[in-house]
């Protein structure tokens, strides 16, 4: 089977879980949807000790569980598409457990990144976008490595770019600059108009940045193949 269609099983399972989760909530109706938002979404107000209707302990687990909720099918499917693209090489390199750990770390970091500007606010944060951003960052040392195209289907032994080499790689720098520029543009647009790209929903650009940075750092911490890291661009 061509590598582009040979998606790692952990990624397939993750996408299936996200889709099934959203389908179940949509099928079970408005009451379940509202309960899931209060029980599983990330709400900064919880951390300020202010009362909201939610299960005890939700201020802890919602740093991660918010990533399993999505506003609508478009939100879900767009995140699934990007996970398919970027989580695939990360999983082929790190394996099932460590790649899922990277996504979890990025999601948690995304929630943490929301707190400085939104502390105490009743803001409902949902979606796997921070995890997607982490997968994007984690994929860069792999996809910009010289042997990536030759070994797309087995990346366990590929010579990835070390952090120093990545910071000198023009493609990686351009990708990162575009990503950060889009997030900053989104943040400025929301601050001045109250919307993002002229739509009613608010984009958690802070979570994207937090997930991206955490995903890159987590990749190097989780990758246990130091002999296959190239430090020269």
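Each reported figure results from applying straightforward, stated rules to the coordinates on display, with no laboratory input. In this text the structure is predicted, and so the values were computed from the model without any measurement. Note that each Cβ is placed from the backbone with ideal geometry, even for glycine, and that neighbours are counted across all protein chains shown.
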- prompt: Which whole-number percent is the relative contact order of the range 58-128 (Cα, under 8 Å, 6+ apart)?
  reply: 64
Extension gain from residue 124 to residue 34, taking 0.36 nm per residue of separation minus the Cα-Cα distance: 31.3 nm
field: Gain in span if fully extended, residue 74 to residue 26, counting 0.36 nm per residue against the direct Cα distance
entry: 16.0 nm
- request: Mark the label point 7 Å from the Cα of residue 182 along Cα→Cβ and return the residues of the range 80-110 whose backbone N is within less than 19 Å of it.
  value: 80-90, 103, 106-107, 110
- prompt: How far is the Cα center of the range 12-67 from the Cα center of the range 108-151, in Å?
  reply: 19
message: Counting each pair of different Cα atoms once, what's the Kirkwood radius of the range 76-141 in Å, rounded to one decimal?
response: 12.4
